[in-house]
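This report concerns only the one structure given below.
The values are calculated or read from the model by the stated rules, or taken from the named source; none is laboratory data. Keep in mind that this is a model prediction, so the values were computed, not measured. Here Cβ is always computed from backbone atoms with ideal geometry, including for glycine, and neighbour counts include all displayed protein chains. Surface accessibility is based on the protein's heavy atoms, side chains included, excluding ligands, DNA and RNA. Shrake-Rupley method; radii C 1.70, N 1.55, O 1.52, S 1.80 Å.
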Amino acid sequence: MSAFLALLFRNRLAAMGLAVIAVILLLAMATPLLPLHDPDVIATADRFMRPLSEGRLLGTDHLGRDLLSRLLHGTRLSLAVGIAAALIAAVIGSAIGIVAGYFGGRTDNVVMRGVDMLMAFPYILLALAIVAALGPGLMNALIAVAAVNVPFFARNIRGITVGLAGREFIDAARLAGMGHTRIILTELLPNVLPVIVIAMSTTVGWMILETAGLSFLGLGSQPPQADLGSMLGEARSAMISHPHTSIVPGLMIFLIVMSINLLGDGVRDALDPRLRSGALSRPRATTLVRRQGATPPATDDLLAVQDLRTEFQVGKRNYRAVGGVSLAVKPGESLGVIGESGSGKSVTALSVMGLVASPPGAITGGAVRFQGEDLIGAPYEALRQKRGDRVAYVFQDPLATLHPLYRVGQQLTETIRSHRNLSKSEARMRAIQLLNDVRIPNAERRVDDYPHEMSGGMRQRVGIAMALANEPDVIIADEPTTALDVTVQAQILCLLDDLRRERGLAIIFITHDFGVVAQLCDRIAVMYAGRIVEEGPTQAVLGAPAHPYTRRLIACVPELGGGRRELAAIPGLPPVLDDLPPGCAFAPRCTKAEESCRQGEIPLQGPALHAVRCLFPERAP
């Protein structure tokens, strides 16, 4: 509960809404205990007394009734009706949606077509028709408001349920012999309950408005009973001559609905697991920079990452994803970055051009220099000009990075024209040439394909073509062959290697596969817990690994034709990045670790060509 409230109060508007509605609810609950006038007593001699009159804080209405008393009693009644209508609509609508989405087929068609028929009527006309059939009265207004909102819940929850009903955990529940009722109550309902709560929190205010509208028309509460809508209806004839009689209930409706809507937004953000990181708004165009300490001096490398530090602030926890990484590449050189998942490889790559999402990410130290120019903290326009032009990316899953609604040719031409002053026809010819360069057969026809019409290998080639579109100096390839079969993987690697040699590209290749770096890379940097633990020429690192972590990683690779042997594994798990151990982060998993390994900073040391961050390396590099 405390975590939920902490997330809720991060949204200041939601906190303000909660404070306002809490005060209103306290006043409503305390109304019977307060020394108020009887809200239904008529005193024609005291008609239309102004606010702050003696004994009448908010004045009186056209019948001399105390407005403060009627306001508090009416607020109490309106809140009760609105909340009750929301609960009824949520329970009935959600039940309909879950049943339709879970069973599907004919049940889904019959149920949802009935819901569609209800939605075909304008909701206010449908509510009026229900009240006309049942007769005026607050209870009938409640039924009408709940009924017209049932389709809203049914539609939303049915859509969520359809996506869940085909998931593996539902199939597993069926195979375990669970009945339909038990699956719905124990498997589906807990997963859709946050959505139901969010929908309720955002519709209570709307239901209060609908109830007030019916009462305003004389179809809700009946005299002398007061709610906010009937108070407005009774005051409309005196709106010009005595405006306070309309302003008082109108202002209360505004405060209730506005505060509930603000609170509903906060509840949605706090319950949605995708927003719990605190990223409640669109990420910044560039990564937030909170650099501390001195900036490293410039070097003569094409691209140099110098003591880079990138962190993620999630609540009170600070994850040090990159903890002082230094890398460099020269023209025509290929550098392989390898390590377990979570070691900081991708965050390092995204930090180069300020692509780490902020919030919650931030660059807190170091420098990234392209041809001597520091990119950290550079103006957005300067970074935008270099992204895809001088420094390009090839991502792991092209189906996720290519836009599904645009043809690949359109996406290629957009990439070209954003940096080159070319006509559409010239850009299209350039796109076709790029597809030919990456060896896509029949490029003239495939340029008009959508991404889903291509195989995984073809889409990956399109991603490489997009990276090459503006003849960049550096390509950062983030595991571009992980999801491909070995034949296509070999073709992609050969393609990248040929392009590197032909065009003098510098490539930073991020991967888990030592076989890939052996084929493509001149040098290797091994990462663990956000730091480089070993760096050197490919043959030196693979042939004589100095760091125990590198040796254990290589030992995990199966060897064909080497006879039967036990497949090695590294015991334990990588450390949690918000609680890194002192000294060497690999020490808890290392068989050679001693007490000195757990104390103080361990530098990356050794010859410039082969350095290792270890006090007791396997052999001198």
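Looking at the chain from every direction and averaging, what is the projected area of its Cα convex hull in nm²?
40.0 nm²
Could you tell me what percent of the DSSP beta bridges with both partners in the chain are antiparallel, to the nearest 5?
The answer is about 60 percent antiparallel.
If I compute solvent accessible area with a 1.4 Å probe over the protein chains, what percent of it on segment 494-598 is carbon and sulfur?
55 percent
Just to verify a number: what accessible area does residue 99 come out at with the full protein assembly present, 1.4 Å probe, Å² rounded to tens?
60 Å²
When the distances between all Cα atoms of segment 93-172 are binned every 5 Å from zero, what whole-number percent does each bin get?
With 5 Å bins starting at 0, P(r) equals 3, 16, 21, 18, 15, 11, 7, 4, 3, 1, 0.
Per 10 Å bin from zero, what fraction in whole % of the C-alpha pairs of segment 482-537 is there, up to the bin with the longest pair?
20, 52, 26, 2
If you wrap a convex hull around the alpha carbons of segment 39-125, what volume per residue comes out, as a whole number of Å³?
Residue-normalised Cα hull volume stands at 118 Å³.
Please report, as a whole percent, how much of the solvent-accessible surface of segment 20-106 comes from carbon and sulfur atoms (probe radius 1.4 Å).
On segment 20-106, the fraction of accessible area on carbon and sulfur atoms equals 70 percent.
For segment 574-619, which GluC sites (Glu not before Pro) pass both filters: DSSP loop (anything but H, G, I, E, B) and at most 14 other C-beta atoms within 10 Å?
594, 601
Nearest 10 degrees, 0 to 90: what angle lies between the long axis of helix 123-134 and the longest principal axis of the chain (Cα atoms)?
40 degrees
Find, among the GluC sites (Glu not before Pro) in segment 467-566, those assigned to loop by DSSP (not H, G, I, E, B) with at most 14 other beta-carbon atoms within 10 angstrom.
Here the GluC sites (Glu not before Pro) that fit, given the DSSP loop and packing criteria, are 559, 566.
Where in segment 516-621 are there trypsin sites (Lys or Arg not before Pro) that are in a DSSP coil and have at most 15 other Cβ atoms within 10 angstrom of their Cβ?
564, 565, 592, 619
Against the longest alpha carbon principal axis of the chain, how many degrees, from 0 to 90 and to the nearest 10, is the axis of helix 105-120 turned?
It works out to around 50 degrees.
Where does segment 260-399 land on the Kirkwood hydrodynamic radius, alpha-carbon pairs, in angstrom?
16.5 Å
What's the center-to-center distance, using Cα atoms, between segment 133-173 and segment 1-73 in Å?
32 Å
Work the Kirkwood hydrodynamic radius out for segment 513-621: mean of 1/r over every pair of different alpha-carbon atoms, inverted, in Å.
The Cα-based Kirkwood calculation yields 14.7 Å.
Measuring with a 1.4 Å probe in the full set of protein chains, what accessible area per residue, in whole Å², belongs to the chain?
Averaged over the residues of the chain, the accessible area is 48 Å².
Going by accessible area, probe 1.4 Å, with all protein chains left in place, what is the ranking of 236, 50, 65, largest first?
Order by accessible area, largest first: 50, 236, 65.
So for segment 33-106, averaging the separation of alpha carbon pairs under 8 Å that are six or more residues apart and normalising by length, what relative contact order in percent results?
This gives 22 percent for segment 33-106.
Can you compute log10 of I(q)/I(0) for segment 370-463 with the Debye formula, treating each Cα as one identical point scatterer, at q = 0.23 Å⁻¹?
For segment 370-463 at q = 0.23 Å⁻¹, log10 I(q)/I(0) is -1.19.
Given N residues in segment 323-399, what is Rg(Cα) / (2.2 N^0.38 Å)?
1.13
Sorted by accessible area with a 1.4 angstrom probe, largest first, how do 311, 471 fall?
Reading off the accessible areas and sorting them downward yields 471, 311.
Using a 1.4 Å probe on the protein heavy atoms, what percent of the accessible area of segment 345-416 belongs to carbon and sulfur?
55 percent
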